[in-house]
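> Before anything else, here's the structure in question.
The values are calculated or read from the model by the stated rules, or taken from the named source; none is laboratory data. The structure displayed is predicted, hence computed values, not measured ones. All Cβ positions, glycine included, derive from the backbone under ideal geometry; neighbour counts span all protein chains shown. Heads up: the accessible areas ignore ligands, DNA and RNA and are worked out on the full protein's heavy atoms, side chains in. Shrake-Rupley method; radii C 1.70, N 1.55, O 1.52, S 1.80 Å.
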Amino acid sequence: MSPLQLTVLGNATPYPTAGNPCSGYLVTSGDTRIWLDAGTGTLGPLQRHTRLDELTAVWISHAHADHSADLLTAFYALRYADFARPAPLPLHGPPGLADRLAAFLTNGPARSPVEEAFACHELRDGQRLRLGELTLTTRAVEHGIPAFAVRIDSATRSLVFSGDTAACPALTELARDCDLLLCEAESDRHPEGETPVHHTPEDAGDTARAAGARGLALTHLGRSLSPADAVARAATRYDGPVAYAEPGSRITV
């Protein structure tokens, strides 16, 4: 059986640092290669591990720039540079993503040919799709805009990525008994009087515990949070292994 592996391309928010791009991951199993979120700056490190013409698909959790901006440069790479795919690259993302890309990329009276680079598919709650060796299950989550989490199952292992979301029943259900929950923890604390749209480290621990996840990796930490403090805070709510998804690292699930 091929191992299920997660490579952390970057996880900064809301903009990249000198050594850390925004949200982006490469998930692989055998010849299956999925670019999971394409945040600002992730296209560069992606190419340390695979080429755009070797990708099986791209999966985008939501349309905020720190999760999707490098689709713009990927478009130019696929259309006008040194990649020759036999067909457009499958792109699974929130409703309206293709038109949003086209609005930015169009420079004249004719709409930019986004669909010549990407075969665009809109995500929906409860959707299941097979990509190579992997099965992806999508759930809508709570981020104030259309946003999704995903469960990725190989023949023997399971990885759940929260995307950006407040703690919610849909994510807990999706992560039930998973081998690894990759969960954002952007918020140091929730602003008073506002509806949460992110996890705190404690929320991430609560979600992992409630789901019965066998491991928790924290990612997409807010600027006021250090990895060590976030891990320590999550561990007060969850007894399983907790780690920080270090940029550049490769995790075998």
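> Cβ-Cβ below 6 Å, separation at least six or inter-chain, first residue in the stretch 187-214 and in contact (Cβ under 8 Å) with a residue 12 or more places away in the chain and of a type outside the set (D, E, K, R), second open to solvent by 10 Å² or more (accessible area, probe 1.4 Å) and outside any loop (DSSP other than H, G, I, E, B): which pairs?
Filtered contacts from the stretch 187-214: P201/R233; T207/T172; A210/T172; A211/T172.
> I'd like the full set of residues that are open to solvent by less than 10 Å² (accessible area, probe 1.4 Å) and in a helix (DSSP H, G or I), limited to the stretch 211-227.
A211
> Determine if the stretch 15-23 includes at least one residue that is open to solvent by less than 10 Å² (accessible area, probe 1.4 Å), at pLDDT 95 or above and in contact with an Asp or Glu (Cβ under 7 Å, 6 or more places away or on another chain).
Yes; the residues of the stretch 15-23 include at least one that is open to solvent by less than 10 Å² (accessible area, probe 1.4 Å), at pLDDT 95 or above and in contact with an Asp or Glu (Cβ under 7 Å, 6 or more places away or on another chain).
> So, one more: Give all pairs with beta carbons closer than 9 Å in which a residue from the stretch 95-117 that is under 20 Å from W59 (Cβ atoms) meets a residue that is of a type in the set (D, E); count only pairs at least 6 apart in sequence or on separate chains.
Taking only residues 6 or more apart or on different chains, the pairs are P95/E122; G96/E122; L97/E122; A98/E115; A98/E122; A102/E115; V114/D99.
> Within the stretch 197-212, track down each residue that is in contact with a helix residue (DSSP H, G or I) (Cβ under 8 Å, 6 or more places away or on another chain) and either of a type outside the set (S, T, N, Q) or closer than 20 Å to P247 by Cβ (or both).
H199, P201, E202, A204, G205, A208, A210, A211
> Under the condition of being among the hydroxyl-bearing types (S, T, Y) and part of a strand (DSSP E or B), which residue from the stretch 24-62 is most open to solvent (accessible area, probe 1.4 Å)? Step through it out loud before you land on a result.
Within the stretch 24-62, the subset among the hydroxyl-bearing types (S, T, Y) is 25, 28-29, 32, 40, 42, 50, 56, 61.
From the residues that got through so far, the ones that are part of a strand (DSSP E or B) too are 25, 28-29, 32.
Details: Y25: 1, T28: 27, S29: 2, T32: 6 Å².
Among those that are among the hydroxyl-bearing types (S, T, Y) and part of a strand (DSSP E or B), it is T28.
> Looking only at strands (runs of 3 or more DSSP E) that fall completely inside the stretch 126-210, which ones have 2 or more residues that are over 21 Å from S23 (Cβ atoms) and touching a Leu at 6+ places or on another chain (Cβ under 9 Å)? If you could, list the steps in order and put the result at the bottom.
On the way: elements: 128-131, 134-140, 148-153, 158-161, 180-184.
Counting at least 2 such residues, we get 128-131.
> Next question. Go through the residues of the stretch 175-198 one by one and say whether even a single one is more than 21 Å from R151 (Cα to Cα), buried (at least 17 other Cβ atoms within 10 Å of the Cβ) and of a type in the set (S, T, Y).
yes
> State the number of residues belonging to the stretch 89-120 that are in a helix (DSSP H, G or I) and open to solvent by less than 30 Å² (accessible area, probe 1.4 Å).
First pass over the stretch 89-120, keeping only residues in a helix (DSSP H, G or I): 97-105, 114-117.
Among the residues that remain, those that are also open to solvent by less than 30 Å² (accessible area, probe 1.4 Å) are: 97-98, 101-102, 105, 114, 117.
Here the count works out to 7.
> Considering only the stretch 63-88, how many residues are open to solvent by 20 Å² or more (accessible area, probe 1.4 Å), out of contact with any Ser or Thr (no Cβ under 8 Å at 6 or more places or on another chain) and part of a helix (DSSP H, G or I)?
Residues meeting the conditions: 6.
> Restrict the check to the stretch 231-243 and report whether at least one residue is in contact with a strand residue (DSSP E or B) (Cβ under 8 Å, 6 or more places away or on another chain), touching a residue at least 40 places away in the same chain (Cβ under 8 Å) and under 24 Å from P3 (Cα atoms).
No, the stretch 231-243 has no match at all.
> If the requirement is being over 24 Å from S162 (Cβ atoms) and of a type in the set (S, T, Y), which of these qualifies: Y25, Y80, Y15? Can you show your working first?
Numbers: Y25 fails: over 24 Å from S162 (Cβ atoms); Y15 fails: over 24 Å from S162 (Cβ atoms).
Exactly one residue qualifies, and that residue is Y80.
> Would you point out which residue out of R128, R151 is more than 21 Å from A69 (Cα to Cα), charged (D, E, K, R) and buried (at least 20 other Cβ atoms within 10 Å of the Cβ)?
Testing whether each residue is more than 21 Å from A69 (Cα to Cα), charged (D, E, K, R) and buried (at least 20 other Cβ atoms within 10 Å of the Cβ) leaves just R151.
> Moving on to the next point. For the stretch 154-173, how many residues meet the condition of being among the aliphatic types (A, V, I, L, M), free of Cβ contacts under 8 Å to residues at least 60 places away in the same chain and open to solvent by 10 Å² or more (accessible area, probe 1.4 Å)?
2
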